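Asker: Structure below; questions to follow.
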Amino acid sequence: MNKNFVIISVLFLSIGLQIATFGQGSAEKIFQVKGFSCKSPRHEGVDRFVKFINDELGPRGVNTLVLFICDKDYNYQFESYPQLADPGSLTKEDVKKMVAACRKNQIRIIPQINLLGHQSWHSTPNILLQKFPQFDETPQIKMPEKYVWPNSDDLYCKSYCPLHPDLHEVIFALIDEICDVFETDAFHAGMDEVFYLGDEKCPRCSGVDKAVLFAGEVNKIKNHLDKTDRELWIWGDRLIDGKTTGLGSWEASYNYTYRAIDMIPKDIVICDWHYERPDQTAIYFAMKGFRVITSTGRSSSTAVIQTEDMAKFRKYATPEMKPRYYGMMQTVWGDTDEFIDSYYRKSIVNPGKRPSPADAFNAMFTRIYELEKENQ
């Protein structure tokens with residue numbers, strides 16, 4: 001056989017295999033994260049939630065589950081600080097059931113504990129400030145018997161003092177324990193809606209740049225997680241200038257913490273939430289070097305637009321920017337059992353008032369499926 005013929009034949013065979021392989025795997029993964037975020041179930045609701053993971057989240061293509069562990073109390077029976085949980089909270093066995101269900105469905109599970117802000121709710125401090133009142137950034141501001149907004153103290157939720165010398169011994173123990181029991185490689189630290197920071201009456205924080213305080217707390221948490229090779233996720237609202245953008249003091253910052261965006265590591269994952277309008281701040285975070293997940297709420301129409309926007313941003317991005325458009329996440333802040341009831345149409349949450357997050361969930365994941373199918 002002619003030697004040149006053999007070489008040419010092998011060359012064409014190699015090219016053919018490369019083309020075939022390219023054709024089989026050329027569909028780009030548009031949404032690296034297809035997420036769902038909700039409150040963790042109580043002990044008595046774990047089996048139902050596990051069934052929901054197996055029957056709905058897995059089959060719908062959810063690949064990331066962020067579980068909110070704390071509300072007024074911490075919903076886990078911590079061994080490091082058992083005084084921070086009530087008897088009805090999750091046991092280690094409960095958590096392992098959820099971990100097993102997520103592993104079975106190839107879902108990455110990420111626990112969330114609200115850090116810095118959200119240390120109270122309306123007229124009740126959460127369990128951390130109840131058990132460690134010395135951590136309160138603004139102890140002079142008393143919780144009212146009857147909460148109204150607006151109020152003279154601009155009180156929405158309290159913060160802990162990030163410079164208290166005993167704080168992080170407690171916080172880091174909680175982080176380590178919850179990450180260990182969830183067998184996770186990531187932790188969501190919240191960090192949203194921080195209104196009290198650098199208070200003028202705080203003996204430690206008074207006069208300190210609020211952006212420096214915010215970035216300092218993010219960096220302390222990040223450095224601690226780095227020791228166990230865990231990734232840090234946070235909400236993005238405090239890193240946006242609320243006045244310049246017109247986004248206001250809830251979805252963005254009026255107290256200058258937004259400058260912290262240039263003081264924190266770029267390998268933090270930003271969950272960029274907008275629930276009423278499909279604001280395109282994902283572009284801002286991506287241009288700053290962060291991976292960003294657009295996080296939507298109750299509005300189905302907004303969720304669909306945000307999903308289409310994320311696909312478009314990624315499609316037309318440079319090779320450097322493309323991986324930063326990380327995906328989508330549906331967030332649910334009401335009771336998880338109520339969400340599941342609404343999902344199965346066993347009840348209507350807030351009838352006649354606001355749309356259901358279950359409808360937004362269905363709309364978002366339906367559109368994700370359509371876009372991925374179009375891209376095959």
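The values are calculated or read from the model by the stated rules, or taken from the named source; none is laboratory data. Note that the structure is a prediction, hence the values are computed from the model and not measured. Positions of Cβ are backbone-derived with ideal geometry, glycine not excepted, and every protein chain shown enters the neighbour counts.
Asker: What's the total number of residues in the stretch 279-317 that are over 18 Å from Asp241 (Cα atoms) and in a helix (DSSP H, G or I)?
Answerer: 16
Asker: A further question on this structure: Output the residue which, of all residues in the stretch 318-376 that are in a loop (DSSP other than H, G, I, E, B) and of a type in the set (D, E, K, R), is modelled with the lowest pLDDT. It would help to see each step written out before you state the result.
Answerer: Pass one, the stretch 318-376, residues in a loop (DSSP other than H, G, I, E, B): 318-321, 332-335, 344-356, 375-376.
Those left that are additionally of a type in the set (D, E, K, R): 320, 335, 345-346, 353-354.
Details: Glu320: 97, Asp335: 92, Arg345: 86, Lys346: 73, Lys353: 59, Arg354: 66.
Out of the qualifying residues, it is Lys353.
Asker: Kindly indicate whether any position in the stretch 96-110 is over 23 Å from Leu174 (Cα atoms), of a type in the set (S, T, N, Q) and crowded, with 16+ Cβ neighbours inside 10 Å.
Answerer: Yes, the stretch 96-110 contains at least one residue that is over 23 Å from Leu174 (Cα atoms), of a type in the set (S, T, N, Q) and crowded, with 16+ Cβ neighbours inside 10 Å.
Asker: I've got another one for you. Regarding Glu183, is this residue under 22 Å from the mean Cα position of the chain (by Cα) and exposed (fewer than 14 other Cβ atoms within 10 Å of the Cβ)?
Answerer: Judged against the criteria, Glu183 is a match.
Asker: If I ask for residues that are aromatic (Phe, Trp, Tyr) and either within 18 Å of the chain's Cα centre (by Cα) or within 25 Å of Gly35 (Cα to Cα) (or both), which ones from the stretch 229-257 would you list?
Answerer: Trp233, Trp235, Trp250
Asker: Something else: Among the residues of the stretch 316-330, is there at least one that is touching a Cys at 6+ places or on another chain (Cβ under 9 Å) and closer than 19 Å to Leu65 by Cα?
Answerer: Taking every residue of the stretch 316-330 in turn, at least one turns out to be touching a Cys at 6+ places or on another chain (Cβ under 9 Å) and closer than 19 Å to Leu65 by Cα.
Asker: Got a sec? Which of Val10, Val66 is part of a helix (DSSP H, G or I), of a type in the set (Val, Ile, Thr) and either surrounded by fewer than 21 Cβ atoms within 10 Å (Cβ to Cβ) or at pLDDT 95 or above (or both)?
Answerer: Residue meeting the stated conditions: Val10.
Asker: Same structure, new question: Does Tyr326 satisfy being touching a strand residue (DSSP E or B) at 6+ places or on another chain (Cβ under 9 Å), touching a residue at least 12 places away in the same chain (Cβ under 8 Å) and aromatic (Phe, Trp, Tyr)?
Answerer: It is true that Tyr326 is touching a strand residue (DSSP E or B) at 6+ places or on another chain (Cβ under 9 Å), touching a residue at least 12 places away in the same chain (Cβ under 8 Å) and aromatic (Phe, Trp, Tyr).
Asker: OK, next. Identify all residues within the stretch 242-300 that are of a type in the set (S, T, N, Q), surrounded by fewer than 21 Cβ atoms within 10 Å (Cβ to Cβ) and under 25 Å from Pro162 (Cα atoms); write none if there are none.
Answerer: Ser249, Asn255
Asker: So, one more: Based on what the data block shows, is Gly198 free of Cβ contacts under 8 Å to residues at least 12 places away in the same chain and on the phi > 0 side of the Ramachandran plot?
Answerer: Taking the combined requirement at face value, the residue does not satisfy it.
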